[in-house]
2 protein chains.
Amino acid sequence: MTDRTSVEPVAASEIDGFDHECDVLVVGFGCAGAAAAYEAAAAGADVLVLERASGPGGSSAQSGGELYLGGGTEIQKACGFDDTPDAMYAYLEAALGPNADTAKLRLYCDESTEHFEWFRARGVPFNPTLYESPVWMPMTDDGLMWLGENSWPYNTLAEPAPRGHRPAAPGFAGALLMERLAAAATEAGAVAHADTQAANLVMDGGRVAGVVARKYGQTVTYRARKAVVITSGGFVDNEEMLADHAPILLGHGKVSDGLDDGSGIRMATAAGAAVRRMSVVEIALTALPAMVNRGMLVDGLGRRFINEDVYPGHYSVHAVKHQPGPYWTIIDEEGFESVPEGDRWGLRPAHVAETLAELEQELGMPAGSLEATVETYNRHAEKGEDPYFHKDPKWLRPLKPPFAAIDPRAGFFDAGGGKGTGAAGFTLGGLHTTVDGAVLNNSGAAVPGLYAAGRASSGMHGEGYISGTSLGDGTFFGRRAGRAAARKENE
Amino acid sequence: MTDRTSVEPVAASEIDGFDHECDVLVVGFGCAGAAAAYEAAAAGADVLVLERASGPGGSSAQSGGELYLGGGTEIQKACGFDDTPDAMYAYLEAALGPNADTAKLRLYCDESTEHFEWFRARGVPFNPTLYESPVWMPMTDDGLMWLGENSWPYNTLAEPAPRGHRPAAPGFAGALLMERLAAAATEAGAVAHADTQAANLVMDGGRVAGVVARKYGQTVTYRARKAVVITSGGFVDNEEMLADHAPILLGHGKVSDGLDDGSGIRMATAAGAAVRRMSVVEIALTALPAMVNRGMLVDGLGRRFINEDVYPGHYSVHAVKHQPGPYWTIIDEEGFESVPEGDRWGLRPAHVAETLAELEQELGMPAGSLEATVETYNRHAEKGEDPYFHKDPKWLRPLKPPFAAIDPRAGFFDAGGGKGTGAAGFTLGGLHTTVDGAVLNNSGAAVPGLYAAGRASSGMHGEGYISGTSLGDGTFFGRRAGRAAARKENE
């Protein structure tokens with residue numbers, strides 16, 4: 001039927017002597033794997049970490065490195081913000097919702113300052129400075145950024161505070177983060193086996209007892225005396241799994257290191273583990289907050305559909321999930337010119353016109369559609385209002401000719417070359433876990449000896465996403481899974 | 001962790017003598033189960049059917065009874081339509097998409113006339129008359145109805161033909177359909193055990209060998225010498241499964257007999273079966289085609305969002321999935337009065353106003369929003385055009401005062417009492433099956449001895465739905481599963 005590799009479990013009795021043994025076997029050396037391995041090793045367990053690539057890092061190392069943390073961290077205080085766990089919870093419950101995992105979220109918010117200090121103790125540096133402007137990712141090494149907290153309706157639910165914590169590196173900070181976390185795991189005693197891909201779980205009766213892996217085409221077997229922790233990432237790189245569970249991402253770009261093939265999810269479900277929310281995704285559209293806030297984001301029918309000052313993943317997901325494409329950043333000359341050169345990320349107006357009638361025709365929109373949208377927008381903006389979507393008045397200004405439209409398909413820094421969809425994403429669904437990372441079966445009971453964290457699991461997320469909540473919950477629940485896996489009762 | 005009943009598989013070796021034995025054990029006696037049982041019995045197999053309720057029927061018997069069939073059935077011909085399997089395929093690929101299962105769909109369309117004759121041979125009567133008007137379900141006994149085939153963009157893809165085939169009963173025809181199908185299965189030799197709920201699959205090595213069931217609180221064991229066919233329906237009645245897989249349906253009404261608890265999906269996944277598209281749902285909004293076609297359907301911001309003459313499930317799903325609520329049918333007096341009394345289904349305008357400014361204020365929409373929507377609609381309708389959504393010109397007419405708004409929350413025939421959400425649905429995702437109903441595991445291989453059909457499986461559907469495709473693919477692939485289960489190689 002398909003050429004999928006077998007992920008079916010292997011009985012321990014079929015294995016004639018394991019090649020390697022340990023207490024806790026971690027599958028995947030991204031942020032969740034590093035956090036789990038560190039805690040398990042720090043708790044005294046003998047820890048092995050399998051990584052399919054030639055070194056640690058995974059998709060985490062290629063990410064922006066944002067960590068969604070708050071509740072009153074030292075960095076927040078240094079930047080002048082009084083945050084609380086409750087305010088953080090109120091924002092995330094809404095922004096990761098509907099249907100965020102409130103049990104996980106509550107713990108995550110209540111223990112967020114401790115988690116922040118854990119990063120610092122592992123050598124992850126953060127500068128006590130705020131990047132104030134809305135952006136996908138600052139190109140500076142500022143330690144704090146806004147991630148939609150100050151946008152409607154979230155600013156009506158709790159006192160807004162910026163919670164995007166960034167390791168002190170300009171631009172992409174994931175490499176620095178992972179360098180420190182991998183080093184911490186290693187220093188704590190965890191041993192990594194690179195170029196080693198876990199393929200099947202080993203079952204001893206109903207208990208997970210190890211893994212069958214492949215290294216350079218050879219089979220290598222691992223016995224885990226206490227537990228296996230799956231932290232092998234999501235499944236955006238597996239086209240069949242996307243078609244089965246998250247088809248909205250088919251055809252779009254992939255935010256991953258190319259190895260998020262869902263193999264950990266598959267081998268665990270083959271052994272009876274349950275999954276949840278496999279259809280939930282995060283999507284990033286090539287549309288810059290600095291531009292859409294000053295102008296607007298419209299769909300293929302020339303309609304606005306959201307307050308553009310939300311976390312940019314929110315307008316991206318809203319566009320791709322709910323609106324007919326293509327999507328366009330519409331901005332006027334005054335707005336475009338006011339965006340600092342360094343914040344333009346190579347975006348240029350591909351379409352410029354003196355009138356909206358010309359522009360909408362050029363973009364293939366119905367006659368009068370973009371005209372009506374801008375007329376309505378301008379009429380309310382004159383009064384500093386946005387009764388449809390409640391964009392912050394500071395961004396509201398009537399747009400004047402000449403007008404421009406920017407096509408997301410060009411890509412940031414021309415990376416899309418006009419060929420892509422202008423959108424890229426990753427998956428958020430996965431194994432059904434407790435707050436301690438125990439993987440549940442389809443009867444709601446824990447699968448003995450099996451833990452998971454990171455994007456191989458369904459984390460705090462309901463149907464929404466905010467930057468830093470994947471590295472955030474991957475490390476936070478990775479740590480909990482590592483500690484739980486190392487516990488004596490797993491012997 | 002949860003109070004879910006265990007659905008974990010039971011080893012055959014743990015069962016000390018089975019209470020019952022058969023060749024093919026069918027779990028669930030709705031339309032898919034009846035079709036599977038009939039074919040397996042007709043092929044000479046010894047067939048038992050387990051039904052949790054006290055008699056056959058399931059959700060199928062409580063449905064409208066529509067069967068999506070075409071390609072040139074006798075009823076279509078009698079009504080003057082020349083349909084082809086290719087035209088049927090073109091419509092369904094688009095209307096059940098994106099990402100319809102093209103392999104299943106191709107077979108379904110190519111063999112649709114044969115499938116129609118199979119129903120007639122089982123004693124299901126169809127009248128050779130067409131109900132022409134758009135409607136959720138005719139209250140007449142006409143045998144044929146339109147299901148969106150003549151709406152844009154579908155009418156540009158293939159020659160439209162009505163394909164909603166209705167057993168000859170006024171209104172809900174599911175009971176008649178199931179009476180005939182259950183009788184056919186019984187006459188072919190299948191024996192039903194009622195009040196018997198399958199709880200766990202019995203595994204003999206890697207092979208499904210039976211079921212552990214409960215009847216009046218007692219455990220009853222069944223051995224299936226050839227195969228188990230799961231046709232136990234979807235999971236709209238299981239709140240935990242909805243939260244895990246299809247949270248969009250949480251809080252809405254349920255289109256089911258109350259027993260679509262996903263137990264068949266759960267017991268199969270516990271035994272290693274794969275699922276797909278668990279998040280896909282069908283939703284019906286209390287908004288009548290006869291009214292929205294004459295007026296419009298708008299969202300909570302007073303915006304139209306679709307051509308209202310599509311299959312009504314399409315505008316319903318589009319509203320609930322993609323638009324902010326609440327949703328409103330907007331119609332003028334002339335339009336409302338032109339709807340025949342019998343087609344009004346008890347809907348009354350709860351809000352009437354001489355001006356749209358009054359109406360939009362009463363409905364809590366932004367000032368000017370509904371005014372702008374109707375102004376745009378009217379301006380284009382004058383010219384017989386709908387450049388945004390392409391509603392058929394026959395429905396386009398400028399709306400004039402007085403205007404009315406109808407709230408779906410009232411429910412048809414006041415059944416909602418203003419308390420519900422105005423929407424009800426069911427699930428379309430389920431076990432991953434081949435065109436012969438073989439259930440696949442997470443490695444893409446068939447689970448020996450396990451078949452599934454109907455809403456316990458993922459059928460032809462991508463992300464869309466059309467009335468009659470659930471009874472349609474449930475019976476069509478139920479028949480194929482029954483035949484495959486009875487084959488000699490399963491011995």
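The values are calculated or read from the model by the stated rules, or taken from the named source; none is laboratory data. None of these values were measured; they are calculated from a predicted model. With ideal geometry, Cβ positions are generated from the backbone for all residues, glycine too; neighbour counts draw on all protein chains shown.
Just to be sure, is B:Phe18 hydrophobic (A, V, I, L, M, F, W, C), within 21 Å of B:Ala486 (Cα to Cα), out of contact with any helix residue (DSSP H, G or I) (no Cβ under 7 Å at 6 or more places or on another chain) and not in a helix (DSSP H, G or I)?
Numbers: hydrophobic (A, V, I, L, M, F, W, C): yes; within 21 Å of B:Ala486 (Cα to Cα): yes; out of contact with any helix residue (DSSP H, G or I) (no Cβ under 7 Å at 6 or more places or on another chain): yes; not in a helix (DSSP H, G or I): yes.
Criteria met by B:Phe18.
Against the criterion of being over 17 Å from the mean Cα position of the chain (by Cα) and on the phi > 0 side of the Ramachandran plot, A:Gly189 qualifies. Among the residues of region A:198-205, is there at least one that is more than 14 Å from every other protein chain (Cβ to nearest Cβ) and either out of contact with any strand residue (DSSP E or B) (no Cβ under 6 Å at 6 or more places or on another chain) or within 30 Å of A:Pro128 (Cβ to Cβ) (or both)? Yes, region A:198-205 has at least one match. Taking (1) within 19 Å of B:His193 (Cβ to Cβ); (2) surrounded by fewer than 24 Cβ atoms within 10 Å (Cβ to Cβ); (3) away from chain A (no Cβ under 14 Å) in turn, B:Gly44 satisfies each apart from (1). Which one of these is crowded, with 22+ Cβ neighbours inside 10 Å, within 30 Å of B:Ser13 (Cα to Cα) and in contact with a helix residue (DSSP H, G or I) (Cβ under 6 Å, 6 or more places away or on another chain): B:Ala198, B:Ala185, B:Ala213, B:Ala209? Selected residue: B:Ala209, the only one of B:Ala198, B:Ala185, B:Ala213, B:Ala209 that is crowded, with 22+ Cβ neighbours inside 10 Å, within 30 Å of B:Ser13 (Cα to Cα) and in contact with a helix residue (DSSP H, G or I) (Cβ under 6 Å, 6 or more places away or on another chain). Out of B:Val275, B:Val298, report the one residue that is crowded, with 24+ Cβ neighbours inside 10 Å and in contact with a His (Cβ under 7 Å, 6 or more places away or on another chain). After applying the criteria, what remains is B:Val275.
Looking only at residues of region B:306-337 that are part of a loop (DSSP other than H, G, I, E, B) and of a type in the set (A, V, I, L, M), we find that the one that is nearest to B:Leu96 (Cα to Cα) is B:Val310.
Could you check region B:141-154 and list, in sequence order, the residues that are of a type outside the set (Gly, Ala, Ser) and farther than 18 Å from B:Pro85 by Cβ? Spell out how you get there, then give the answer.
In the first step, residues of region B:141-154 are kept if they are of a type outside the set (Gly, Ala, Ser); the result is B:141-142, B:144-147, B:149-150, B:152-154.
Within region B:141-154, B:Asp141, B:Asp142, B:Met145, B:Trp146, B:Asn150, B:Trp152, B:Pro153 qualify.
Test B:Asp414 against the stated conditions and say whether it is surrounded by fewer than 24 Cβ atoms within 10 Å (Cβ to Cβ) and within 14 Å of chain A (Cβ to nearest Cβ).
On the way: surrounded by fewer than 24 Cβ atoms within 10 Å (Cβ to Cβ): yes; within 14 Å of chain A (Cβ to nearest Cβ): no.
The answer is no for B:Asp414.
Among the criteria (1) β-branched (Val, Ile, Thr); (2) in a strand (DSSP E or B); (3) away from every other protein chain (no Cβ under 14 Å), the one B:Thr186 does not fulfil is (2). The residue of region B:350-378 that is nearest to A:Pro387 (Cα to Cα), among those that are under 36 Å from the mean Cα position of the chain (by Cα), part of a loop (DSSP other than H, G, I, E, B) and modelled with pLDDT of 95 or more, is B:Pro366. Among the residues making up region A:427-460, those that are touching a residue at least 60 places away in the same chain (Cβ under 8 Å), at the interface with another protein chain (Cβ under 8 Å from one of its Cβ atoms) and not in a loop (DSSP other than H, G, I, E, B) are A:Leu440, A:Asn441. Restricting the first member to region A:277-289 and to residues that are within 14 Å of chain B (Cβ to nearest Cβ), and the second to residues that are at pLDDT 95 or above and part of a helix (DSSP H, G or I), the beta-carbon pairs closer than 7 Å and six or more apart or on different chains are A:Arg277/B:Asp244; A:Met278/A:His245; A:Ser279/A:His245; A:Val281/A:Ile248; A:Val281/A:Leu249.
Tell me whether region A:155-166 contains one or more residues that are out of contact with any helix residue (DSSP H, G or I) (no Cβ under 8 Å at 6 or more places or on another chain), β-branched (Val, Ile, Thr) and buried (at least 16 other Cβ atoms within 10 Å of the Cβ). If you could, list the steps in order and put the result at the bottom.
Step one: of region A:155-166, the residues out of contact with any helix residue (DSSP H, G or I) (no Cβ under 8 Å at 6 or more places or on another chain) are A:155-156, A:164, A:166.
So of that shortlist, the ones also β-branched (Val, Ile, Thr) come out as A:156.
Pick out the ones that are also buried (at least 16 other Cβ atoms within 10 Å of the Cβ) and you get none.
Within region A:155-166 (the criterion being out of contact with any helix residue (DSSP H, G or I) (no Cβ under 8 Å at 6 or more places or on another chain), β-branched (Val, Ile, Thr) and buried (at least 16 other Cβ atoms within 10 Å of the Cβ)), the answer is no, since none of the residues qualifies.
If you scan region B:405-434, which residues turn out to be of a type in the set (A, V, I, L, M, F, W, C) and closer than 24 Å to B:Val202 by Cα? Quick ask: steps written out before the conclusion?
Our first condition is that a residue be of a type in the set (A, V, I, L, M, F, W, C); within region B:405-434, this holds for B:405-406, B:410, B:412-413, B:415, B:423-424, B:426, B:428, B:431.
Correct list: B:Leu431 only.
Of all residues in region B:253-305, those satisfying the criterion of being over 21 Å from B:Gly58 (Cα atoms), part of a strand (DSSP E or B) and under 17 Å from the mean Cα position of the chain (by Cα) are B:Arg276, B:Leu285. The residue of region A:248-260 that is nearest to B:Ala246 (Cα to Cα), among those that are within 14 Å of chain B (Cβ to nearest Cβ) and among the aliphatic types (A, V, I, L, M), is A:Ile248.
Criterion first (aliphatic (A, V, I, L, M), more than 15 Å from B:Arg304 (Cβ to Cβ), touching a Leu at 6+ places or on another chain (Cβ under 9 Å) and buried (at least 18 other Cβ atoms within 10 Å of the Cβ)) does B:Ala404 satisfy it? Against the criterion (aliphatic (A, V, I, L, M), more than 15 Å from B:Arg304 (Cβ to Cβ), touching a Leu at 6+ places or on another chain (Cβ under 9 Å) and buried (at least 18 other Cβ atoms within 10 Å of the Cβ)), B:Ala404 qualifies.
Given the criterion at pLDDT 95 or above and not assigned by TED's automatic domain parsing to the domain that holds A:Pro448, identify the matching residue among A:Arg180, A:Arg166.
Numbers: A:Arg180 fails: not assigned by TED's automatic domain parsing to the domain that holds A:Pro448.
Being at pLDDT 95 or above and not assigned by TED's automatic domain parsing to the domain that holds A:Pro448 holds for just one of A:Arg180, A:Arg166, which is A:Arg166.
Restricting B:Tyr377, B:Tyr388 to those that are within 13 Å of chain A (Cβ to nearest Cβ), of a type in the set (Phe, Trp, Tyr) and either in contact with an Asp or Glu (Cβ under 9 Å, 6 or more places away or on another chain) or closer than 30 Å to A:Ser263 by Cβ (or both) reduces the list to B:Tyr377. The numbered conditions (1) within 14 Å of chain B (Cβ to nearest Cβ); (2) surrounded by fewer than 21 Cβ atoms within 10 Å (Cβ to Cβ); (3) more than 21 Å from B:Val317 (Cα to Cα) are all true for A:Ser263 except (2). Being farther than 26 Å from B:Ala37 by Cα, facing chain A (nearest Cβ under 10 Å) and either touching a strand residue (DSSP E or B) at 6+ places or on another chain (Cβ under 7 Å) or surrounded by 24 or more Cβ atoms within 10 Å (Cβ to Cβ) (or both) is a property that holds for B:His245.
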